[in-house]
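Engineer: Just passing along the structure, written as structure tokens.
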2 protein chains.
Amino acid sequence: MQAGDVTKYEYFITKGCLKVYTLDEDGAPHISMFAIEDYWTGDMASFITKEPTRYFIKATEDSELLGISRANYELLFQEIPKFERFYRNLYQRSLISYIRRSNQGLSLTAEERYIEYKKKYPNIVNRITQKDLAGYIGITPEFMSKIITKVNRR
Amino acid sequence: MQAGDVTKYEYFITKGCLKVYTLDEDGAPHISMFAIEDYWTGDMASFITKEPTRYFIKATEDSELLGISRANYELLFQEIPKFERFYRNLYQRSLISYIRRSNQGLSLTAEERYIEYKKKYPNIVNRITQKDLAGYIGITPEFMSKIITKVNRR
DNA sequence: GAAAAAAAATGAACTAGTTTAAGACTTTTA
DNA sequence: TAAAAGTCTTAAACTAGTTCATTTTTTTTC
């Protein structure tokens, strides 16, 4: 996926790892999420509103995804209303985790955010570069390096 | 609502304004959201999982709310399955705005966050104190004061 | 398996945001 | 309507995080 596209699919990952990110005016990447097996990814805002996305998606490993088109997504609910419930619960859980992420981003220091993320998602931390983790935590790779050195020294 | 409680209701606001916040170990408030007329508020995580909340909710104006209990929330979907769709859409929209908030919190400077928030929610900014806005933007009231002075000087 | 490319580490100089403290202004309460 | 409490402003000293430049280490490619 490329910024400027109108998102045509939401993706379910069956294998691999992807990063979803924006580039700021200086070209620096800001990573919104890492998606691994059993995660959904895409840009929901663009998928729903049909406005062009500001996100890029890139695989960080060889990956396999299943995509659902907007037409099929809408059809799904028409044909099998039980899926409303499935997606209600999916969105509810995602919402809870994004509320936490937005609060932590604004109230914790970078070091605290790193420690929390590593505790919560050790399996993801082990699969990505330190540089990408910095882009997710919201700091520079240099500062990420310093934090890791400091935390490991303990 | 008080940290430590298990949330019994999700609230719909018919009148007024409330702030949802946590207190950190130093007792400093971090505001998660302001909720005004037609917003839903509460702590969804606690409402769903029945674990005690870490949030406080306080009205910043005389307010009127409607609360739905967990039992009635579940009953609603059983009795009127169309509400699954309503809540799916509600959560989807909330999710889109929390994804944006979490990304902005990690990629924009405090000044940029202030300008964005004021542009997007001018009606809320006018109803709350500068101190509470600082708690929402993720900075100290002192720095909020400097930013406002600086932005207005232009 | 050598060369090239990318990632990670280190350090010095810098900037965004915090802390502490004090005074001015505004709102609430008795 | 005076006093008290809370909010806002300002400023100086500080700290978390950035920037830029260089070196080392790891990964990729041919």
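The values are calculated or read from the model by the stated rules, or taken from the named source; none is laboratory data. Source: prediction; values computed, not measured. Because the Cβ atoms are built from the backbone with ideal geometry, glycine has one as well, and the counts that use them run over all protein chains shown. Surface accessibility is based on the protein's heavy atoms, side chains included, excluding ligands, DNA and RNA. Shrake-Rupley method; radii C 1.70, N 1.55, O 1.52, S 1.80 Å.
Engineer: Can you tell me which residue within the range B:112-130, out of those that are within 13 Å of DNA strand C (Cβ to nearest atom), away from chain A (no Cβ under 14 Å) and not aliphatic (A, V, I, L, M), is farthest from residue B:147 (Cα to Cα)?
Structural biologist: Ranking the candidates gives B:127 first.
Engineer: When you check residue B:62 against the structure, is it more than 17 Å from residue B:32 (Cβ to Cβ) and touching a strand residue (DSSP E or B) at 6+ places or on another chain (Cβ under 9 Å), yes or no?
Structural biologist: yes
Engineer: Does the range A:134-148 contain at least one residue that is within 8 Å of DNA strand C (Cβ to nearest atom) and of a type in the set (Val, Ile, Thr)?
Structural biologist: Yes - at least one qualifying residue is present in the range A:134-148.
Engineer: Let me ask something else. Tell me the strands (runs of 3 or more DSSP E) entirely within the range A:1-99 that contain at least 3 residues that are without any contact (Cβ under 8 Å) to a residue 24 or more places away in the chain, within 11 Å of chain B (Cβ to nearest Cβ) and surrounded by 13 or more Cβ atoms within 10 Å (Cβ to Cβ).
Structural biologist: Because the criterion is at least 3 residues that are without any contact (Cβ under 8 Å) to a residue 24 or more places away in the chain, within 11 Å of chain B (Cβ to nearest Cβ) and surrounded by 13 or more Cβ atoms within 10 Å (Cβ to Cβ), no strands (runs of 3 or more DSSP E) in the range A:1-99 meet it.
Engineer: Hey, another quick one. Hey, can you tell me all the residues within the range A:117-140 that are within 13 Å of DNA strand D (Cβ to nearest atom) and open to solvent by 60 Å² or more (accessible area, probe 1.4 Å)?
Structural biologist: A:126, A:127, A:129, A:130, A:131, A:140
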